[in-house]
1. Whole-Å semi-axes of segment 306-398's equivalent ellipsoid, largest first, each the root of 5 times a Cα gyration tensor eigenvalue?
2. Structure shown: which of 536/652; 444/498; 316/378; 306/358 lie over 19 Å apart, alpha-carbon to alpha-carbon?
3. Can you give the translational diffusion coefficient of segment 407-482 in µm²/s, computed by Stokes-Einstein from the Kirkwood radius over Cα pairs at 25 °C and 0.890 mPa s?
4. Using θ = phi - 60° and the Karplus curve 6.51 cos²θ - 1.76 cosθ + 1.60, what whole-Hz ³J(HN,Hα) does each residue of segment 482-489 get, with Gly and Pro shown as x?
5. When the chain is fully extended, how far beyond the present Cα-Cα distance does residue 552 get from residue 409, taking 0.36 nm per residue of separation?
6. What is the list of residues in segment 367-405 whose amide nitrogen lies under 16 Å from a point 7 angstrom out from the Cα of residue 351, following Cα to Cβ?
7. Output ³J(HN,Hα) for segment 401-407: one whole-Hz value per residue in order, computed from phi by the Karplus curve 6.51 cos²θ - 1.76 cosθ + 1.60 with θ = phi - 60°, and x for Gly and Pro.
8. Going highest first, how would you order 50-60, 708-718 by mean Cβ packing within 10 Å?
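Computed from the coordinates by the stated procedures, all read-outs in this text should not be read as laboratory data. What you are looking at is a predicted structure, and each value in this text was computed from that prediction instead of being measured. Virtual Cβ from ideal backbone geometry, glycine too; neighbours counted across all protein chains shown.
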Amino acid sequence: MPTLKTKTTPKNEKAKTPAKSDARIKPKPIENLDATSSSSPAFAEKLTSFWWDLAGVFLLALGFVLLLGGLGFTHGILLDAILHQLAIWFGIGCLIIPIALLLGAWLLLSRERQTELDFHLWRVILVELGVLSVLGSLSAFARENILIVEAGESLGGSIGWGLAHPLVSLIGWVPAGILLAVLSLILFLYGFNIFAWVESWARKRVSVPPLVASVPEGDLPTVIEPVAAESSVEVKPAVRTEPKPKTQASLPREYKQQRLELVDTPPASKPLERSKDLPPLSLLEDEKPVVANQATINTNAAIIEKTLQDFGIPAKVVGYRVGPSVTQYAVEPGYIEKGANEEERQKVRIAQISSLSKDLALALKAERLRIEAPVPGKSYVGIEIPNAVHTIVRLRPILESENFTRINSPLAIPLGRDVSGQPLVSDLTTMPHLLIAGATNSGKSICIAAITTCLVMNNTPEDLRLVMIDPKMVELTRFNGLPHLLGPVETDVERIKKVLQWAVGEMEARYKQLEMAHARNLDSYNTKMQHASQPKLPRLVILVDELADLMLSSPEETERALVRLAQKARAVGIHLIIATQRPSIDVVTGVIKANFPTRIAFTVASSVDSRVILDTGGAETLLGKGDMLFLHPEVGVPQRSQGVLVSDQELKRVISWWQAHTPQDEPQKVQAAMHKIDVAREDSPWEEIIQQQSESDGDEVLIDQAIRLLRRTQRASASYFQRQLHISYPRAAWLIDALEERGIIGPAQGGGKNREVFLDHQDEDEE
């Protein structure tokens, strides 16, 4: 019987032993994945895989050609002969042969990608046998004989009749058909490994832990080899060798049991009770919930910890938050050991984690990665990784959410869903103005459309009026016909200037009304008007889709009007929402930024543009398609969100509902309350300013014509101007008075004499 011998280590040899056993383990060299050698096992595996792939491609091509020929889409001498023989051998079941070949090809080609399908060659054989059993079942149920088979009119063909005939002779036609059908079903279930799929689905539903429990590394038993009795070889503990590297890295043990949990779980939504005067939420579309892929989350968490550990940064992923477009991983920094005492530990600095954004993006194979260090109000750093599938955010669930109802404001606007999937909403009355900037096709116009739709869903035309300015001519024109509009969507730059001028005048007029009513703001004024049974003033929201065009055409006039409105318009219920795709300092000037503290930044080209909008970087790392950063002065830190999408069909339904439920005289009543302006429904209140300006421009042209005429003729009289300029007598009389006021001509001399002209004579040739 072999005996076990152990060796006692002398005291003088104790010093030779290293302090840590791990020091004896040499680091394993990294394999070259691109290197191939005919003598290596990897080359043999690749060669075997190549032959399996070649067989799969052959079966795929053969099955596809036979399927097209069997369906009558193609013909040929060889193909028709093959199909004729298949019809004799397999009968009507010849169409199953191409399908079986395609299934076999799929099994061969997807053997490495099918996680739930344990690929074996015998599974392919089971599938083929199942197909043959189906042919036998068809032949048995059809009660075929040898004459029908030889004539080529058999359902199951010669093979089906050959399989069914012995069973028919023993147990009859019907039992034989049923037995073969059951046999084919069993073969298909085992061939496609349906039982494994069902078991895996059941485990995921009930969260059954795996049968094999993992053993900690510290609890591994020491392996001692037996030694023969006559041998004096000392017994040494067996050295535990590292396992061979696998093609795919396995997850750490702590991540296999789904240890990560959601942080900041959204609260349950409460149903919203709406007024009958407002459109129902059924006009809007619902959205699909965000579903987290636990396997992907655990994998990314392991990669994050491993990457940080490689750079000497101990950190731990303690949770995650799943949003529509990104998933934020909560990373808790650890301590760096400086000595044996705990007092000598040093906390990992946040800047160390932030500086590794590109390294983390490389390890996670992420196109863009953003690090929020730290998350406001939390004790961890947020690493935001784009989701494989983005979820569309709809307006209806946000209007039904508790976050929206908690604001309880008529000007509550939706901003989308944050990185945790919670609705992100804000109040326009507290902003009180909003600046939106981002690159082309980043989602600015969609954001304005969503905000406008939300406002008209929660306000009647009596409570809210809209002024829309769209120099691009294509985005906001969809809202034409909405009863909330004071006028049509303005697209001409020259008319837009007069719209801003009218808005400034409207602000000053409202201040006079508030002064007369001794009211501090619009809410107190409307309360007093309601008690006195007087019409109230509606809130006014001015939306500008593209600011760059206005700033390039008339920068001083545009900036002056916007700044005046931004500084004073809040108290009288006027709010501005402006957007631009050029976030440069010549468009978004310092004066405009100072009066627009609330801003939204969509994706931009560089960090310089991001600093122009948000005064900090981060917008250059956004994903586009509605991905935004929202900066509120009360928060101070940009909040990431996925914007709301309102389709054209939803918008049409909302506009049609308001057109059907708004009286024809409602716009006139509202505009009559605003300074007693009496205009037609299709007109706008700024038309009067535009007409006055046009007349003023025409008067200047007429005066210039009269001056040129006076230089030539030195004659000034109403009748003379009437004949020479082809104008009416009242117009000529007005022209005489205007020239006299400017000192160009003298006063009337009486007796029908011409007025004195104070201009030098100039001939037509000289002119």
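1. They are 30, 15, 9 Å, listed from largest to smallest.
2. Details: 536/652 29 Å; 444/498 24 Å; 316/378 15 Å; 306/358 15 Å.
Violating the 19 Å Cα-Cα cut-off are 536/652; 444/498.
3. On the way: Rh = 13.8 Å.
Reported coefficient: 177 µm²/s.
4. Residue by residue, segment 482-489 yields 6, x, 6, 6, 6, x, x, 5 Hz.
5. Values: separation 143, 0.36 × 143 = 51.48 nm, distance 3.60 nm.
Going from the current span to full extension adds 47.9 nm.
6. 373-374
7. Here the 3J(HN,Hα) series is 7, 6, 4, 6, 5, 5, 5 Hz.
8. Working: 50-60: 14.5, 708-718: 16.7.
Highest-to-lowest ranking by the protection proxy: 708-718, 50-60.
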